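The values are calculated or read from the model by the stated rules, or taken from the named source; none is laboratory data. Bear in mind that the values here come from a model prediction, so they are computed numbers and not experimental data. As a convention, Cβ positions derive from the backbone with ideal geometry for all residues, glycine included, and neighbour counts pool all protein chains shown. Note: accessible area is taken over every heavy atom of the protein model, side chains too, but ligands, DNA and RNA are not part of it. Shrake-Rupley method; radii C 1.70, N 1.55, O 1.52, S 1.80 Å.
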Amino acid sequence: YLKISKLALAFAIIHSKPPGKSCKEYTEHLAKIVSEQDFGWKSKVEVLEAEVFRLRQELLLNKICRRVCLENGAFAETLLDQECINPVSYSSQLEDSGCDVSNDYAFDSLGIASDFHQSEHNINTSKHWLERAPPLNLCCASKGESLTAPVQFFQHLLEIRKLSEGGILQADFTELENDSFTICNSVSQLLDGLTVFYNSPKFPVSNFLTEAVCVLIRLITDTKLSNHVLKKCFKKLEEFKKNLIQIILRNSSVNRFQALDAVSHTLVLLGRNNILRNSLISFLLSELRQFAEQLWQAYQIQAMYDITQYENIFYLFMILEQLLQNETEESNISSSDCDEEEKIKFLKNLDQIILHLSDEFPLFSLYLWRVSVLLNSAQIQ
């Protein structure tokens, strides 16, 4: 049937081709027209799918937040209004060559204060309790387009969480479990959008991308919401962390340090979550162990090694040090129960590697030793 159809199409093209055109030219012309029509339909389908997904998000919010408390103690069947959150202004360092790696830079570049938890107090709580929330806007400039819908959805969700905690409204967060498709797709869109930006960042960073990072961190650090989100999206978050680590290791641009600072501090902020921290430490230990072994082998046979990756590996050291220091400082976290297998692998031949590399790579050996001290101190504690 397929052969007959192709033959019939060929005869139709031959008989209908205009004079002065070959069959090949006419076929290419028809193929171009059909492909343009397909592209137009695909664009329409994408817009409709986005609209359907926006409606699913809005429906889920309405299911979660059904009643708002009035001043006299009565309730109204409605959804709160969400005011825009004004992100912190950017550091002027974003406009430089990208070589500034000062300690205060990265938090400023992400629009996050040094004390992250204080940022929650800067959110303006909406006073229009009885107005419906505005539609989740799908229009945004530049690379923030794919982030708009999930960011606004999570902003609404976090505001509902805050108001329900204050007793202003009644909310049922078990609906997040019932509609796992919407929550998983929202998280996936947010993480994919951030990954695209970190792969090819442009500075200064737009306010919207900064807000996207802040919303993601607030979502993960909120214990009540993260319990629902992590159950459904844990694998996606793990993949996101691995992608960020690989972005750090593979970045070879000349002025890459500013972008690597932003990625590093996003990983540190993700590591503040107790559940995400253990796996992140495991990923970092695995990458450092593999690179140390590769460097040792290259040194033994006097082979070439990846200098760019050698320079970038120190960002992983700094991330790991911060996470391990936080782990030893917080007495309620048991580090002896997490990532034990990866810690054993990392420490197995570490003394021998440090001994052989200390003359040729003193800084790298020093960082290996510092990590081993932190691991041992965490184990003892």
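Local charge sum around Y305 (other residues, Cβ-Cβ under 12 Å, Lys/Arg +1, Asp/Glu -1)? All intermediate terms of the calculation are to be shown ahead of the outcome.
Values: positive: none; negative: E293, D306, E311, E360.
It works out to a net charge of -4.
Figure the gain on full extension for S200 and Q302 (residue separation times 0.36 nm, minus the Cα-Cα span) and round it to one decimal in nm.
Details: separation 102, 0.36 × 102 = 36.72 nm, distance 3.41 nm.
Full extension of this stretch gives 33.3 nm more.
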Please compute, for the alpha-carbon atoms of region 173-285, the extent along each of the three principal axes and give them in descending order in Å. 48, 32, 19
With r as the distance between the Cβ atoms of V34 and R370 and R0 = 51 Å, compute the FRET efficiency 1/(1 + (r/R0)^6) and round to 0.05. 0.25
Loop-located trypsin sites (Lys or Arg not before Pro) in region 151-231 whose Cβ has at most 15 other Cβ within 10 Å (DSSP): K202
Which ³J(HN,Hα) values in Hz, rounded to whole numbers, follow from the phi angles of region 347-360 under the Karplus curve 6.51 cos²θ - 1.76 cosθ + 1.60, where θ = phi - 60° and Gly and Pro get x? 8, 4, 10, 5, 4, 5, 5, 4, 4, 7, 9, 5, 6, 7
Could you go through region 27-38 in sequence order and give the Karplus-derived ³J(HN,Hα) for each residue, using 6.51 cos²θ - 1.76 cosθ + 1.60 with θ = phi - 60°, rounded to whole Hz, and x for Gly and Pro? 5, 4, 5, 5, 5, 5, 5, 5, 5, 5, 5, 4
So, over other residues within a Cβ distance under 13 Å of L270, counting Lys, Arg +1 and Asp, Glu -1, the net charge is +4
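Using R₀ = 51 Å, calculate the FRET efficiency as 1/(1 + (r/R₀)^6) where r is the Cβ-Cβ separation of E340 and D172; round to 0.05. Walk me through the numbers before you get to the answer.
Values: r = 39 Å, r/R0 = 0.76.
Here the calculated transfer efficiency is 0.85.
With the full set of protein chains in place, find how many percent of the accessible area of region 147-272 is carbon and sulfur; take the probe as 1.4 Å.
On region 147-272, the fraction of accessible area on carbon and sulfur atoms equals 50 percent.
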Please identify the chymotrypsin sites (Phe, Trp or Tyr not before Pro) of region 279-322 that satisfy two criteria: DSSP loop assignment and at most 12 other Cβ atoms within 10 Å. Which are they? none
What nm value, rounded to one decimal, do you get for the distance between T27 and L355 when each label is placed 7 Å out toward the C-beta? 7.1 nm
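For region 147-272, report the accessible area per residue in Å² (1.4 Å probe, heavy atoms, rounded to an integer). Can you show the working numbers first?
Details: 4460 Å² over 126 residues.
The answer is 35 Å² per residue.
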Roughly how many Å² of D38 are accessible to a 1.4 Å probe, to the nearest 10? 80 Å²
Report, to one decimal in Å, the Kirkwood hydrodynamic radius for region 154-220 based on all distinct Cα pairs. 13.6 Å
Once amide hydrogens are built 1.01 Å from N within the peptide plane, the residues lying 5 or more places from L169 or on another chain with amide H under 5 Å from its amide H are C69, S164
What is the sum of charges around L295, taking Lys and Arg as +1, Asp and Glu as -1, for the other residues whose C-beta is under 10 Å from the C-beta of L295? -3
